[in-house]
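Take a look at the structure set out below.
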Amino acid sequence: MKLLDRIKGVGRALRSGTVLSGVSTRPTARMLRDSKSGVLAAQQVSIVDNREEIRRSWRRAAAYALDFIQNSGKLKGACDQVLVDTVGVELVLQPQPELAELGYSPDEVAALVAQIKREWKRYAWNPRECDMRGKFTLPQLVDIGLRWYMAYGEITGILDYMPRAKRRAKGIRTGLKVCMTPPSRLVQDTNEFENLFQGVYHDEDGSPIGYLFEEKVNGVTQKVRYPAFDAEGRPTVLHLFDPTDATDVRGISVLSSAIRKHAQKEVLDEATLQTAILQTIFAAVLTSENPSKDAFEALEALEDEELRDEFVGFLQAKMDKARESTIGINGTPTVAQLGPGEDLQFRTSATPGKEYLPFASSLDRETARAIGITYSSYAMDHSDATYSSVRMENATIWPIAVRRRERLAAPMLQAVYESWFDEMVGEGRIKLKVSYEVFAANREKFTWAQWQGPAAPTADDYKSERAVSERLANGTSSIAIEGGLKGIDTDELFNQQLREHQRYVAAGMRSPYERPNQPPLPVDEPPDETTKKKAAA
């Protein structure tokens, strides 16, 4: 470069306000201000309609999620953890009918609730009664739905009705049948002219009115449309997912946001394992002072043949001596004798290094967070856990499990329960004080219910129970609230305790339900009162 060009370049730099001029650039304050390295500019992003993004990525995300779950013990265990956190063994039905306006007394409501619970138990735990295929109980079908939610991001199924003639032939009573259908059978077709988006038909208001499923009929795959509701307004298709946007039509796998991190974790584990194996295989190093090939070639160039022959003979004698010894590093390691000038060293594997565990834990934490379970339960790593950390983990994650229960598992069971209750009343197996027409007009008042799940895990049962006792003693809680938190049916608990208490008292034994420093629990009619009444008569 010429001197004149250099001078011009310096002048331009001074005018532009660079470091050379001693004057800094004008400061700016705005949103998304980039750094000097341009880290934000390197990220090419755009705003995309969420439902369009789900439609574009649905199949790929589901395929990745299914493959990872099937080939990863951690993800398989995470799915099981989601199930036990959400539903446990089952969600317990708690009918909450509001029938005071229809002439029901509290005792009549209690009797109706008890009958509903008994009949529901018989239905839900009989595969032939509740499952169209006759294979699984209703709690098992809920488990299947939650596993689909993990892989596909949604739960799909069809509420079908079996005619009486077919039921009579099979020896079953209930006509309502749940036919769980994989979300992959809900087609991905989109037709704006028919208001069909990703297999779901909508009306002019955006409400779903039909679903398009793929079915095999006599070995031929065809598309069948099912209405969202029947003529009475009862749901005929189960379609549950956790939406992100108000316009969402389908769900997407829970693992979609963690797929990249889980793939990176698999690559890290594979690379670490292969490196460790290679370092272990080549961990034994034998060093020798003997000349190399170049040294032997140099000996051949010596002009003094006598000196060359003597040196070669000396090396030959050392090699013959070394040949008599053996070195074994197999199942029976032995070292008999090394050659002169040789040294045997054992190297330890340098992989994984000290950075492996923190980095691997970071990847696992991100995956566990996306799923909605604790890192400890996902990685089974309790090395640094304390009482406070476990309580904070549960306090953070447990509301997510309860939310999952209320958004997915409970609505699925509620839809089945409402149709089942309608059939039971219509066929006269549950007797009501009102006619079926009155029931149909007030269906929501009869079928309103709550679903109780498992109790929240505790780090110390003794401290947790003391806290429950304090809340009850202070009047800030109730048996119903505490029982609900533990997943206990308080009505069944009360009836069971009452029966056992009366049995102990009638046998002249002390009831285990008598609290210390409290008067004995009353019975229907104490023995002394009964004796006095008989004497007076």
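The values are calculated or read from the model by the stated rules, or taken from the named source; none is laboratory data. Since this is a predicted model, take the numbers as computed values, not measurements. For neighbour counting, all protein chains shown are included, and Cβ atoms are generated from backbone atoms with ideal geometry for every residue, glycine included.
Residues to consider are SER389, SER377; find the one that is surrounded by fewer than 19 Cβ atoms within 10 Å (Cβ to Cβ) and modelled with pLDDT under 90. Result: SER389 is the single residue among SER389, SER377 that is surrounded by fewer than 19 Cβ atoms within 10 Å (Cβ to Cβ) and modelled with pLDDT under 90.
Has the stretch 429-446 got any residue that is of a type in the set (S, T, N, Q) and loosely packed, with under 15 Cβ neighbours inside 10 Å? Looking for residues that are of a type in the set (S, T, N, Q) and loosely packed, with under 15 Cβ neighbours inside 10 Å, one finds at least one in the stretch 429-446, hence yes.
Does VAL142 count as among the aliphatic types (A, V, I, L, M), touching a helix residue (DSSP H, G or I) at 6+ places or on another chain (Cβ under 9 Å) and part of a strand (DSSP E or B)? Criteria not met by VAL142. Among the residues of the stretch 31-83, those identified as under 17 Å from TYR149 (Cβ atoms) and among the aliphatic types (A, V, I, L, M) are ILE54, ALA61, ALA62, ALA63, ALA65, LEU66, ILE69, LEU75, ALA78, VAL82, LEU83. Do we have GLU423 as touching a Leu at 6+ places or on another chain (Cβ under 7 Å) and among the charged types (D, E, K, R) here? In short, yes. Please verify whether GLY103 is among the small types (Gly, Ala, Ser), under 30 Å from ASN442 (Cα atoms) and either loosely packed, with under 11 Cβ neighbours inside 10 Å or at pLDDT 95 or above (or both), treating the condition exactly as stated. In short, yes.
When the stretch 384-436 is filtered for residues that are part of a helix (DSSP H, G or I) and β-branched (Val, Ile, Thr), the ones remaining, listed by number, are VAL390, THR396, ILE397, ILE400, VAL402, VAL416, VAL425.
All conditions but one from (1) within 19 Å of ASP422 (Cα to Cα); (2) surrounded by fewer than 16 Cβ atoms within 10 Å (Cβ to Cβ); (3) out of contact with any Lys or Arg (no Cβ under 6 Å at 6 or more places or on another chain) apply to LYS170; the one that does not is (1). Scanning the stretch 179-195 for residues that are modelled with pLDDT of 95 or more and assigned to a strand (DSSP E or B) yields CYS179, MET180, LEU186.
The set of residues in the stretch 329-374 being surrounded by 10 or more Cβ atoms within 10 Å (Cβ to Cβ), part of a loop (DSSP other than H, G, I, E, B), polar (S, T, N, Q) and modelled with pLDDT of 60 or more consists of SER349, THR351, THR374. With respect to ALA459, determine if the residue is part of a loop (DSSP other than H, G, I, E, B), in contact with a Gly (Cβ under 6 Å, 6 or more places away or on another chain), surrounded by 14 or more Cβ atoms within 10 Å (Cβ to Cβ) and of a type in the set (Gly, Ala, Ser). No: the conditions fail for ALA459. Here GLY210 qualifies as assigned by TED's automatic domain parsing to the domain that holds THR181, farther than 23 Å from ALA410 by Cβ and not aliphatic (A, V, I, L, M). Among the residues of the stretch 215-241, those identified as under 17 Å from ARG55 (Cα atoms) and either not assigned by TED's automatic domain parsing to the domain that holds LEU138 or not aliphatic (A, V, I, L, M) (or both) are HIS239, PHE241. In the stretch 478-500, is there at least one residue being polar (S, T, N, Q), at pLDDT below 85 and farther than 30 Å from VAL87 by Cα? Looking through the stretch 478-500, none of the residues is polar (S, T, N, Q), at pLDDT below 85 and farther than 30 Å from VAL87 by Cα.
Restricting TYR149, TYR123 to residues that are surrounded by 14 or more Cβ atoms within 10 Å (Cβ to Cβ), farther than 29 Å from ALA370 by Cα and among the aromatic types (Phe, Trp, Tyr) narrows the list to TYR123. Every condition in (1) in the same structural domain as LEU238 (by TED's automatic domain parsing); (2) surrounded by fewer than 19 Cβ atoms within 10 Å (Cβ to Cβ); (3) under 30 Å from ILE371 (Cα atoms) is met by GLN43 except one, and the failing one is (1). The requirement of being in a loop (DSSP other than H, G, I, E, B) and touching a helix residue (DSSP H, G or I) at 6+ places or on another chain (Cβ under 6 Å) is satisfied by ILE172. Of the residues making up the stretch 107-132, those that are in contact (Cβ under 8 Å) with a residue 40 or more places away in the chain, charged (D, E, K, R) and closer than 15 Å to LYS431 by Cβ are GLU108, GLU119.
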